[in-house]
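Here's the structure, in structure tokens; my notes come after.
The values are calculated or read from the model by the stated rules, or taken from the named source; none is laboratory data. This one's a predicted model, so the numbers in the text were calculated from it and none came from an experiment. Neighbour counts run over all protein chains shown; Cβ positions are idealised from the backbone, glycine included. In case anyone asks, the SASA skips ligands and DNA or RNA and just uses the protein heavy atoms, side chains included. Shrake-Rupley method; radii C 1.70, N 1.55, O 1.52, S 1.80 Å.
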Amino acid sequence: MPPTESPGDDMVVLGSPADGGVNRVRSLVAPEGDEAQKGRRVLECRNFWRAGAYEVRSGVSPSARHAAQESSDFDRARVHPKFLHTNATSHKWAFGAIAELLDNSVDEIQNGATFVKVDKVSNSKDNSPMLLFQDDGGGMDPEGIRRCMSLGFSTKRSKTTIGQYGNGFKTSTMRLGADAIVFSRANRGGNVTLCIGLLSYTFLRRTMKDDIIVPMLDFHIVNGQKTPIILSSQDEWDSSLKAILDWSPFSSMEELLLQFEDMGLHGTKVVVYNLWMNDDGLLELDFDDDDQDILLRDQAYSGGFTRANKEVVHCHVSSRLKYSLRAYASILYMRKFSNFHIILRGKPVEQVSIADELKFIKTITYKPQVGMDGESVSVRITIGFAKEAPVLGIFGVNVYHKNRLIMPYWKVVQEGSSRGRCVVGIFEANFIEPAHDKQDFERTPLFIRLESKLRQIILEYWKYNCHLIGYQSIDITTEKRKLKESEKHSDRHASKVQLKVPTPIGVACTDGSHLQPTGQTHAQSHDTMPISGEDDDDIEIIDVQDPSLIKKITEENIQLFMRREELQQTTNQLRRTVEELEHELAEVKKKCSQLAADLQIRGGKQHILGTNQS
């Protein structure tokens, strides 16, 4: 082992002390052995869920312990590299990790960010795919990037910013791949800095580190020249540079600095490499099936859908968001951005407002009691039937927090029941805090009350509005009374009534159940929807009398839905054709004007020539 050098800021260790999460420690890059010289810069296990299972070297050498004690007035707890992997397991879903990185760029809108790019790039060392995130936000100076790389440190306390725990960058990058390198350019009061940080699980594992070491490089630009910022010693800076060049996709200082060329005046670029694989040895993220999207390889749509409707269900955002990043990103933020774009593989993501995809919309105000002092907040819940109702049984509540989608199509009513079918809700729940992965909420009493209230709202809306999409609701108490009276007259001739779930009118549901083939609906439209405290209302099902009619209406409904899609595509094509023809017409008019001007000039010349000859 080389002699231990004095601690410096050019190679930092992750932690969460009072000084902003950065401890100065003595740590050098381990000398390269035969394995490193052969270029093996990947882990022996590339499956995320098994990458944390490896033997840890026991004990700490006396020299290392002595060096750590000299570097601080107090003993400090070490953070083993295994924690990087354990911490990242909070993300069960890879798209949840990508959303965390998108949130960081969205939070930079207040600092002037106008876009975030998500794309696939190639590793120049081994030609493997890497995942790129780049925005034009305010960037990070040397202090800022050290806070970003530290665990549990966050300066985001705004009511509008999404991030708050100071953990998202570490969990998200390590969930997507074994390694990540960050480039950031900042301009603070005319002081332009360039910062590079390497968070590499591979580096820590292969060099047998027992602490999370993050090599960093800083530069400032003076008169157009990039000058290194030496925060500790030149040897420490050189060690960080060597570690970054050895364990990153870049082989020289020139390649590192070249990453800032397309960054503009300020911004941040994150490159995640050595991406995780599935059990079959294939990348979790699929870049090949759609060159304008990123897909999850192991996610597929499922459900009890009929064969005729499966293709239609597959195209709906509630299904596609599970495996298509473009679909997920389209509804990831509740309010559309006015001057910010998510650019996925070169094409901007078209944001979709779920509320615009509903019909028979109602708005309900919910006032939960928050806190011990009984603080009251007011939440507006938008609820309605999906536009595809009743052909598709899509339902659920979309819950946002600070404009960010936390729970898409949350099933607050029993999935197998017809009550609540096709009802979709959307609202922003800023009065409760999301879990650390921002894919759920902690099950606090407040959240449980919210779930109960949403179920009540859904069932009440369904009860008073299901007739609008062809379902018929019958008061079960009335039907029970009729049944008892019928039983008194004759058991033999009693009417057969099934007290089960509601049955709609005239179409087939996507789960194979049938709707009532009758043209009868409620004569009155309910303008008001009372919200009672009862959640156990039952609705009767009416026996189906003509199965052939049901099949016929079902086929007609599906054909109409597909026809609507075809007409929409035709309309878009005609609109483009009209635009092209208008452009051609403008060009022809321009040429005609030029010809007319030429003819006029020639006529004038001939007139002058004739006058002179005469």
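Conditions (1) touching a strand residue (DSSP E or B) at 6+ places or on another chain (Cβ under 8 Å); (2) at pLDDT 95 or above; (3) of a type outside the set (Val, Ile, Thr); (4) farther than 30 Å from ARG297 by Cα, marked per residue:
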{"position": "SER330", "(1), (2), (3), (4)": "no, yes, yes, no"}
{"position": "MET334", "(1), (2), (3), (4)": "yes, yes, yes, no"}
{"position": "PHE337", "(1), (2), (3), (4)": "no, yes, yes, no"}
{"position": "ILE342", "(1), (2), (3), (4)": "yes, yes, no, no"}
{"position": "VAL349", "(1), (2), (3), (4)": "yes, yes, no, no"}
{"position": "SER353", "(1), (2), (3), (4)": "no, yes, yes, no"}
{"position": "GLU357", "(1), (2), (3), (4)": "yes, no, yes, no"}
{"position": "LYS367", "(1), (2), (3), (4)": "yes, no, yes, yes"}
{"position": "GLY374", "(1), (2), (3), (4)": "no, no, yes, yes"}
Return the residue satisfying two criteria in turn: it lies in the stretch 128-151 and is in a loop (DSSP other than H, G, I, E, B) and under 19 Å from TYR201 (Cα atoms), and of such residues it is least open to solvent (accessible area, probe 1.4 Å). SER150
Quick check on the stretch 396-403. Is at least one of its residues part of a loop (DSSP other than H, G, I, E, B), modelled with pLDDT of 90 or more, touching a Gly at 6+ places or on another chain (Cβ under 6 Å) and not β-branched (Val, Ile, Thr)? no
When the stretch 555-597 is checked residue by residue, the ones that are polar (S, T, N, Q) and within 27 Å of ALA386 (Cβ to Cβ) are ASN557, GLN559, GLN568, GLN569, THR570, THR571, ASN572, GLN573
Six or more apart or on different chains, Cβ under 7 Å: which pairs go from a residue in the stretch 420-448 that's of a type in the set (Lys, Arg) to one that's at pLDDT 90 or above? Could you list them? ARG421/PHE395; LYS438/GLY96; LYS438/ALA99; LYS438/GLU100; LYS438/ARG404; LYS438/ILE406
Answer residue from the stretch 439-457, given it is open to solvent by less than 10 Å² (accessible area, probe 1.4 Å) and not aromatic (Phe, Trp, Tyr) and is farthest from ALA329 (Cα to Cα) among those: ILE457
Can you find even one residue in the stretch 76-91 that is in contact with a His (Cβ under 7 Å, 6 or more places away or on another chain) and closer than 30 Å to TYR323 by Cα? yes
Could you please find all residues in the stretch 246-255 being surrounded by fewer than 17 Cβ atoms within 10 Å (Cβ to Cβ) and either in contact (Cβ under 8 Å) with a residue 60 or more places away in the chain or aliphatic (A, V, I, L, M) (or both)? SER251, MET253, GLU255
Quick one: LEU217 ticks every box in (1) surrounded by fewer than 21 Cβ atoms within 10 Å (Cβ to Cβ); (2) touching a residue at least 24 places away in the same chain (Cβ under 8 Å) bar one, so which box is it? (1)
Cross-chain or 6+ apart pairs with Cβ under 7 Å, the stretch 256-275 first and in contact (Cβ under 8 Å) with a residue 40 or more places away in the chain and more than 16 Å from SER105 (Cβ to Cβ), then open to solvent by less than 10 Å² (accessible area, probe 1.4 Å) and among the aromatic types (Phe, Trp, Tyr): GLN259/PHE183; PHE260/PHE183
Selection from the stretch 109-122 of residues that are crowded, with 17+ Cβ neighbours inside 10 Å and either assigned to a loop (DSSP other than H, G, I, E, B) or modelled with pLDDT under 95 (or both): ALA113
Six or more apart or on different chains, Cβ under 7 Å: which pairs go from a residue in the stretch 347-359 that's of a type in the set (Val, Ile, Thr) to one that's modelled with pLDDT of 95 or more and part of a strand (DSSP E or B)? Could you list them? VAL349/ILE342; ILE354/ASN398; ILE354/VAL424; ILE354/ILE426
Give the residue that is nearest to VAL121 (Cα to Cα), with candidates limited to residues of the stretch 338-382 that are assigned to a loop (DSSP other than H, G, I, E, B), touching a helix residue (DSSP H, G or I) at 6+ places or on another chain (Cβ under 8 Å) and open to solvent by less than 80 Å² (accessible area, probe 1.4 Å). VAL349
Quick one: what pairs do we get from the stretch 190-207, first residue more than 17 Å from VAL272 (Cβ to Cβ), second open to solvent by less than 20 Å² (accessible area, probe 1.4 Å) and modelled with pLDDT of 95 or more, C-beta under 6 Å, 6+ apart or different chains? THR193/ALA186; LEU194/PHE219; LEU194/PHE260; CYS195/SER184; CYS195/ASP218
With the structure loaded, tell me whether VAL222 is open to solvent by less than 10 Å² (accessible area, probe 1.4 Å) and at pLDDT below 95 or whether it fails that test. no
Hey, PHE427 hits all of (1) open to solvent by less than 10 Å² (accessible area, probe 1.4 Å); (2) part of a loop (DSSP other than H, G, I, E, B) but one; which does it fall short on? (2)
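The rows are residues; the columns are (1) modelled with pLDDT of 55 or more; (2) buried (at least 17 other Cβ atoms within 10 Å of the Cβ); (3) under 27 Å from ARG345 (Cα atoms).
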site	(1), (2), (3)
GLY33	no, no, no
PRO62	no, no, no
LYS82	yes, yes, no
ILE98	yes, yes, yes
Of all the residues that make up the stretch 384-419, how many are touching a residue at least 60 places away in the same chain (Cβ under 8 Å) and charged (D, E, K, R)? 4
Of all residues in the stretch 170-206, which are within 22 Å of the chain's Cα centre (by Cα) and not in a helix (DSSP H, G or I)? GLY177, ALA178, ASP179, ALA180, ILE181, VAL182
Starting from residues that are open to solvent by 30 Å² or more (accessible area, probe 1.4 Å) and either of a type in the set (Lys, Arg) or in a strand (DSSP E or B) (or both), keep the ones in the stretch 274-294 and report whichever is modelled with the lowest pLDDT. MET277
